[in-house]
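One structure follows; several queries about it will come next.
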Amino acid sequence: MEAISIGLLGLGTVGSGVVKIIENHQDKLMHQVGCPVHVSKVLVKNIDKERAVEVDSNILTTNPDDIIKNPEINIVIEVMGGLEETRGYLQTAIENHKHIVTANKDLMAVYGPELLLAASANGCDLFYEASVAGGIPILRGLVDGLASDRITKMMGIVNGTTNFILSKMSKEGSAYENVLKEAQELGYAESDPTADVEGLDAARKMAILSTLGFSMNIDLDDVKVKGITEITEEDLQYAEQLGYTMKLIGIAHRDGEKVEVSVQPTLLAEAHPLAGVQDEYNAVYVYGEAVGETMFYGPGAGSLPTATAVVSDLVGVMKNMRLGVNGKSAATPQYEKMLKDDNEIFSKYFLRLHVSDEVGVFSNITNIFSDHHVSFEKILQVPVKERELAEIVLVTHQASLEDYENILISLRDLQAVKDVKSSYRVEGGAKR
Ligand SMILES: NC(=O)C1=CN([C@@H]2O[C@H](COP(=O)(O)OP(=O)(O)OC[C@H]3O[C@@H](n4cnc5c(N)ncnc54)[C@H](OP(=O)(O)O)[C@@H]3O)[C@@H](O)[C@H]2O)C=CC1
Ligand SMILES: N[C@@H](CC=O)C(=O)O
Ligand code: NA
């Protein structure tokens, strides 16, 4: 086979890692695909910028057509990020019969189905392993490794930046803003970290994961999202005191034909397999009816880990080229999407309230819960210093989301409830 020519869209954190791996692992790549592989053009915004990797300045371009319409380029690797503009570039590349490898979850969560169809129709591969949980081979794990099973639950720590922030805040008492800055410097955060901290990045990944795992088209709008920006030091302290650890968790759960998908800060029992996942590491816990529990763990962000997934996809494309089977692996979803209603979604909840420190308030509050048939696993009351208030902290037993939200409405209506300070989902039973 002739040398394979790659066009790279983007030479930032991930793009530099891709160039390094292609250069440093050339022998291994040649052994696997039987021909040399080289990056022949790289699209950037600013040609003069200093780079983390050395590249011949002649291969840098600011004109996307030098790649997406270049007849000498076989495979386009998209590691520039962005949505509409990037969608246009990839559509043009596919129309020009280029295979695509992308790390872009923003794009795949929204335009994945349309791009996959276009790629198939043009005999092209479109692989996107790096888009979920960086270097962890989770998409291949689901699509190939667990192909024979019926997946019922996936729980993931799928955003490295927020896991890094929560780990440092919980373990070292570091301030939110300082750790976020550190995550940006280390290349974990998105160029605008709002998507990380507000849970949108994790929601995109959960939409991609649940579409593959449940074989139904889950849209980004189907994912209920809450980020980490409102978590306070007090919440982290209570979590620890009660035997939990706070994580931003994506949950995709199937009961019968219906599914729920959400991303939210969650108190995880310390014994839960995901509770020990620290710093920028990611993990996806997958439950299959036949296999039972599995867990995929590894670095979820960063230059070389993410680039590993990109270059492994590249090897997949090149192997398919050798076999002449490109464009044949994308499968259309098997099931119609069916989402659970709020009265079908069950969980335990942590709630922290500030109430007037008066006779009868405690029983008024517990009555609201019992009116909705929700009972407590734990409940404690402490005075709030220098104010006529008491803090009530409780963990419920399983409750439907509908009941829990009605409870919150009734609590807010009580004159004695001064503030609902925080409320989180709880997973697993804590020892304490
Ligand atoms: N960082 C990570 O750990 C991970 C990132 N991803 C995803 O990978 C993709 C890339 O991320 P990352 O490498 O961190 O991003 P960076 O911001 O570090 O790099 C982006 C690169 O793309 C170039 N670029 C961006 N927009 C344009 C444009 N309009 N025209 C031309 N060039 C452009 C930039 O050029 P210039 O350098 O000249 O500014 C830069 O080289 C994103 O989709 C991200 O979500 C996925 C998993 C992990
Ligand atoms: N910003 C993302 C990068 C990888 O997808 C993260 O923090 O996980
Ligand atoms: Na991955």
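Okay, residues lined up against (1) away from ligand 3 (no atom under 16 Å from the Cβ); (2) in contact with an Asp or Glu (Cβ under 8 Å, 6 or more places away or on another chain); (3) of a type in the set (V, I, T):
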| site | (1), (2), (3) |
| --- | --- |
| H31 | yes, no, no |
| C35 | yes, yes, no |
| K41 | yes, yes, no |
| D56 | yes, no, no |
| T61 | yes, no, yes |
| M80 | yes, no, no |
| Y89 | yes, yes, no |
| H99 | yes, yes, no |
| N122 | yes, yes, no |
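Taking the criterion of being closer than 29 Å to E260 by Cβ, assigned to a helix (DSSP H, G or I) and in contact with a Phe, Trp or Tyr (Cβ under 8 Å, 6 or more places away or on another chain), would at least one residue in the range 357-372 satisfy it?
Yes, because at least one residue in the range 357-372 is closer than 29 Å to E260 by Cβ, assigned to a helix (DSSP H, G or I) and in contact with a Phe, Trp or Tyr (Cβ under 8 Å, 6 or more places away or on another chain).
Among (1) more than 16 Å from ligand 3 (Cβ to nearest atom); (2) within 20 Å of V284 (Cβ to Cβ), which single condition is I157 missing?
With (1) more than 16 Å from ligand 3 (Cβ to nearest atom); (2) within 20 Å of V284 (Cβ to Cβ) applied to I157, the lone miss is (1).
Working carefully through the options E190, E230, find the one that is surrounded by fewer than 20 Cβ atoms within 10 Å (Cβ to Cβ), more than 12 Å from ligand 2 (Cβ to nearest atom) and in a loop (DSSP other than H, G, I, E, B).
Only one candidate qualifies: E230.
For the range 406-419, which positions are surrounded by 14 or more Cβ atoms within 10 Å (Cβ to Cβ) and in a helix (DSSP H, G or I)?
N406, I407, L408, S410, L411
So, one more: Mind checking whether some residue in the range 64-77 is more than 30 Å from V110 (Cβ to Cβ) and either in a helix (DSSP H, G or I) or not assigned by TED's automatic domain parsing to the domain that holds V310 (or both)?
Looking for residues that are more than 30 Å from V110 (Cβ to Cβ) and either in a helix (DSSP H, G or I) or not assigned by TED's automatic domain parsing to the domain that holds V310 (or both), one finds none in the range 64-77, hence no.
List, please: which pairs have Cβ atoms under 6 Å, are six or more places apart or on different chains, and start with a residue in the range 305-326 that is in contact (Cβ under 8 Å) with a residue 60 or more places away in the chain and end with one that is of a type in the set (D, E) and buried (at least 24 other Cβ atoms within 10 Å of the Cβ)?
Every condition considered, the pairs that remain are A309/E129; D313/E129; V317/D125; N320/D125; N326/D125.
While we're looking at this one, here's another question. Please indicate, with yes or no, whether at least one residue in the range 291-304 is in contact with a helix residue (DSSP H, G or I) (Cβ under 6 Å, 6 or more places away or on another chain) and assigned to a helix (DSSP H, G or I).
Yes.
While we're on this one: Name the pairs: first residue in the range 186-215 and over 20 Å from I138 (Cα atoms), second residue aromatic (F, W, Y) and surrounded by fewer than 24 Cβ atoms within 10 Å (Cβ to Cβ), Cβ to Cβ under 9 Å, at least 6 apart or on different chains?
V197/Y176
Hey, another quick one. Pick from the range 300-336 the residues that are within 13 Å of ligand 1 (Cβ to nearest atom) and of a type in the set (G, A, S): which of them is farthest from V53 (Cα to Cα)?
Here the residue is G300.
Name the single residue, out of those in the range 143-165 being surrounded by fewer than 24 Cβ atoms within 10 Å (Cβ to Cβ) and in contact (Cβ under 8 Å) with a residue 12 or more places away in the chain, that is nearest to ligand 2 (Cβ to nearest atom).
If we take residues in the range 143-165 being surrounded by fewer than 24 Cβ atoms within 10 Å (Cβ to Cβ) and in contact (Cβ under 8 Å) with a residue 12 or more places away in the chain, then V143 is nearest to ligand 2 (Cβ to nearest atom).
The values are calculated or read from the model by the stated rules, or taken from the named source; none is laboratory data. For clarity, every value in this text was computed on a predicted model and none was experimentally measured. Counting neighbours? That spans all protein chains shown, and the Cβs are built from the backbone with ideal geometry, glycine included.
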